[in-house]
Amino acid sequence: MLTTKACSRCPSVTSSARPTTAGRIRPVITNNVNGARHRAIQICLAATTVDAPVKTKRAVVVLPGLGNATGDYNDFVQELEERDISATVAEVKRIDWLRNAAGLLDINYWKGTLKPRPTVDWYLDRITAAVEQAKEKSGDAQVCLLAHSAGGWMARVWMLENGVDSIDTIITLGSPLQPPPPGVVDQTRGILTYVAEASPGAFHPEVKYVCLNGKFIEGRALGDGAASLGSRLTGLGYKQVYGSAEVWGDGITPVPIGMLEGATCVELEGVYHSPLGAGEGRPWYGTPEILDQWVNFIKVPAIEEEVIASFEEEFRQCLNAIDAWQAPEEEDDDDNKPVWPTRAVGAFSKPRDVATYNRGRPS
């Protein structure tokens, strides 16, 4: 069961697309008044008509969670491909995570004020490579990040440093996105606190943020003799990142920690944290029946209605300028040749490739 939360922390939002600026159109010079008007209309249409889109698969980049390797997501990739989605997984080996031990040599590790670099340089480089590979593989200019667990805050660091020209959507899967409360040790030794301060909430307005959180098991206090051993042990883990054991989560990440203000936050009933350990009676975010509950979030964000309206308004203004224009009586010299009103054409500022933003728009 999928529950979309519209709370103060995670209100449901519609992503906004930021169109690029179209180039200025050259003026038409002709001695034929009717021909000039006809050609001007053609230019107006060219400036506002969507080019026929090239068929491309939606590109996604899967970012592995802490301790996971690329191969752990093979079944997930297959499910995505069967849904006509081009999936690329960042290249990570399990042994690569030992690189994080380099942070032990930094005094900030022990002070709890560690920053991402240089500790996770290696992972950020893998994101860059995967994004470029996904774009080349799919033919798409932008990708959706599917960030599992620690891949969620790694992705936020990457977007801060690299910008979001190549990213239109980020979907986190059981990711710890909030720093722990005061008095609780930051398990990332300060990195998560840094990320939350440097890019709070849905930080990039041009990117659609979706936070998926599983409700697999409710934690219990260690001293709760009436609770199962599993609930009490899980509660210990929850307490280390949330400050309280008695909270629902996916077995690793408590639900409240996996939310961002301004994002679309979704709770998935009965969903476990990782592909490792998932199976019969323990589905994870990428299990087919669970994937079907949220796969539509992968669609390209639709262009906003007000952007479409502005297209229509500028087109009307363009046609009005054409109708109001009269050719000069004298056409003997170049200075007096009828010229298409460049001011009206130059006013166009919306892209011709609206299909890039509008692909996947609900009918």
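The values are calculated or read from the model by the stated rules, or taken from the named source; none is laboratory data. Since we're looking at a predicted model, the values are computed, not measured. Positions of Cβ are backbone-derived with ideal geometry, glycine not excepted, and every protein chain shown enters the neighbour counts. These area figures cover heavy atoms from the full protein model, side chains too; ligands, DNA and RNA do not enter into them. Shrake-Rupley method; radii C 1.70, N 1.55, O 1.52, S 1.80 Å.
If we keep just the residues of segment 275-294 that are touching a helix residue (DSSP H, G or I) at 6+ places or on another chain (Cβ under 8 Å) and under 19 Å from residue 170 (Cα atoms), which is surrounded by the fewest Cβ atoms within 10 Å (Cβ to Cβ)? Before the answer, list the steps.
Applying the first criterion (touching a helix residue (DSSP H, G or I) at 6+ places or on another chain (Cβ under 8 Å)) to segment 275-294 yields 275-276, 283-286, 288, 291.
Among the residues that remain, those that are also under 19 Å from residue 170 (Cα atoms) are: 284-286, 291.
Numbers: 284: 26, 285: 27, 286: 23, 291: 18.
This residue is 291.
Just the residues that are assigned to a loop (DSSP other than H, G, I, E, B), open to solvent by less than 60 Å² (accessible area, probe 1.4 Å) and not hydrophobic (A, V, I, L, M, F, W, C), please, taken from segment 80-116.
Listed by number, the residues that qualify are 106, 112, 116.
Can you name the residue in segment 249-289 that is at pLDDT 95 or above and among the charged types (D, E, K, R) and is also farthest from residue 70 (Cα to Cα) among such residues?
Filtering first and then ranking leaves 261.
Listed residues 239, 208, 215; which is open to solvent by 20 Å² or more (accessible area, probe 1.4 Å) and more than 20 Å from residue 293 (Cα to Cα)? Break it down into steps so the answer makes sense when it comes.
Working: 208 fails: more than 20 Å from residue 293 (Cα to Cα); 215 fails: more than 20 Å from residue 293 (Cα to Cα).
After applying the criteria, what remains is 239.
I need the full set of residues from segment 85-118 which are under 30 Å from residue 182 (Cα atoms) and under 24 Å from the mean Cα position of the chain (by Cα), in order please.
Step one: of segment 85-118, the residues under 30 Å from residue 182 (Cα atoms) are 97-118.
Hits for segment 85-118 are 115, 116, 117.
Quick one: how many residues across segment 210-243 are part of a loop (DSSP other than H, G, I, E, B) and touching a residue at least 24 places away in the same chain (Cβ under 8 Å)?
Of the residues in that region, 5 qualify.
Anything in segment 122-169 that is free of Cβ contacts under 8 Å to residues at least 24 places away in the same chain and within 25 Å of residue 259 (Cα to Cα)? List them, or say none.
Listed by number, the residues that qualify are 163, 165.
Residues of segment 218-231 being closer than 14 Å to residue 244 by Cβ and open to solvent by 60 Å² or more (accessible area, probe 1.4 Å), which ones?
The answer is 220, 222, 223.
Out of the residues in segment 145-186 meeting the condition of being farther than 23 Å from residue 71 by Cβ, of a type in the set (S, T, N, Q) and not in a loop (DSSP other than H, G, I, E, B), tell me which one is most open to solvent (accessible area, probe 1.4 Å).
Per the criteria, the residue is 162.
May I ask you to list the residues in segment 187-205 that are polar (S, T, N, Q) and open to solvent by 50 Å² or more (accessible area, probe 1.4 Å)?
Within segment 187-205, 187 is the sole residue that qualifies.
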